[in-house]
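Values quoted throughout were computed directly from the atomic coordinates according to the rules given, and no laboratory measurement underlies them. Treat the numbers as computed from the prediction; the structure is a model and nothing was measured. Here the Cβ positions follow ideal geometry from the backbone for every residue, glycine too, while neighbour counts run over all protein chains shown.
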Amino acid sequence: MAAPPVIPTPNPIIPKLGLSHLTDARLVTYTDEKVEKLTGNTNFAGVIPTVEVVEEKGEQYEKAVAKADDGTKADTANKNKVRNELENMLTQQAYHCALIANGDLVIYLTSGYEAKDLQGKTTGELFPPQNILFRDYGKNSGELVPDWNKVKDARNYTTQVYADVNNPSGSILKEVTDNPSKVTIGGLTSGQKVWVRVRANGGSTGHSDWSDPATKFVP
């Protein structure tokens, strides 16, 4: 008896996002690009969240960014909250586009989202950075130079300096994304006690968890 024919299954498409390392301005542009690509795209007429919902959230985020530029800590906290909501929407939409495309990379790419590679191969989850230290001093007062152990397969790192250990996202003073496992952060208030945390970007989940915080009085 002949064996039944083998029906090939489509290669999985894994979206390539990296939203966490985009600047605020770039995330606004990124959202606009996706809205433009999906508007009127019959391949993804049923995508969830809808184009309209993502567009509305993108406009809300753009206004929040503008208000936070010269606003209060509450404005910054609201901007970060809206950013998180927008990133979640974009991620959900990208993965739904991959589901709709059902392995057809040509169709998927018309959504404007990128794929990790043709075979859907990815790096696994990244571990959070460890051992945040301040072994070097900045050249100017108000500068911190944290460094940490490198994380295997990390594309780059996001470093946050914040003022309230109990409310990191709502008290961010500075945020920097860079490639080396060491960064110089200026423009801080000399003598202020701050906390620093770092996450590695890349891998199958987009980024690692945040590291344990390190505390430091700004030189």
Subject >> Total lysine pairs under 26 Å (Cα atoms) in the stretch 15-115, excluding pairs fewer than 8 apart on one chain >> reply: 24
Subject >> Charge dipole of the chain about the Cα centre (unit charges at C-beta), most positive-ward option of G112, P213, G58 >> reply: P213
Subject >> Table column - 3J(HN,Hα) (Hz), the stretch 151-158, Karplus curve with 6.51, -1.76, 1.60, x for Gly and Pro >> reply: 9, 4, 6, 5, 7, 6, 9, 10
**OP:** May I ask for the percentage of alpha-carbon pairs in the stretch 15-115 that lie more than 19 Å from each other?
**Re:** 40 percent
**OP:** Once you have the Cα-Cα distance between K116 and V165, take 0.36 nm times their residue separation minus that, and quote the gain in nm to one decimal.
**Re:** 14.1 nm
Original post:
Over the stretch 79-193, what number does the Rg to Rh ratio reach, with both radii from the alpha-carbon atoms and Rh per Kirkwood?
Top reply: 1.08
Subject >> Close Lys-Lys pairs in the stretch 123-219, where close means Cα under 17 Å and separation is 8 or more or interchain >> reply: 9
Original post:
If packing is taken as the mean number of other Cβ atoms within 10 Å per residue, what is the order of 141-147, 212-218, highest first?
Top reply: 141-147, 212-218
Original post:
Using 0.36 nm per residue, how much length does the chain from N140 to N84 gain when fully extended, once their Cα-Cα distance is taken away?
Top reply: 16.8 nm
**OP:** At 20 Å minimum axial length over the Cα atoms and a Kyte-Doolittle cut of 0.5, report the qualifying DSSP H helices in the chain, or say none.
**Re:** none
Original post:
Using 1/(1 + (r/R0)^6) with R0 = 30 angstrom and r between the beta carbons of F217 and F127, what's the FRET efficiency to the nearest 0.05?
Top reply: 0.60
**OP:** Using 0.36 nm per residue of separation minus the Cα-Cα distance, give me the extension gain between D209 and T50 in nm, one decimal.
**Re:** 54.4 nm
Original post:
In nm², what is the average projected area of the convex hull enclosing the Cα atoms of the stretch 138-204?
Top reply: 4.9 nm²
**OP:** Compute the FRET efficiency between K182 and N102 as 1/(1 + (r/R0)^6), taking r as their Cβ-Cβ distance and R0 = 41 Å, and round to the nearest 0.05.
**Re:** 0.40
Subject >> Whole-Hz couplings from phi, Karplus 6.51/-1.76/1.60, listed for the stretch 176-192; x for Gly and Pro >> reply: 9, 10, 8, 7, x, 8, 6, 8, 9, 10, x, x, 8, 8, 4, x, 7
Subject >> Positive-pole candidate from N102, W148, L27, dipole of the chain, charges at beta carbon >> reply: W148
Original post:
Where the only charges are on Cβ atoms (+1 Lys, Arg; -1 Asp, Glu), what is the dipole of the stretch 15-115 about its Cα centre, to the nearest 20 debye?
Top reply: 280 debye
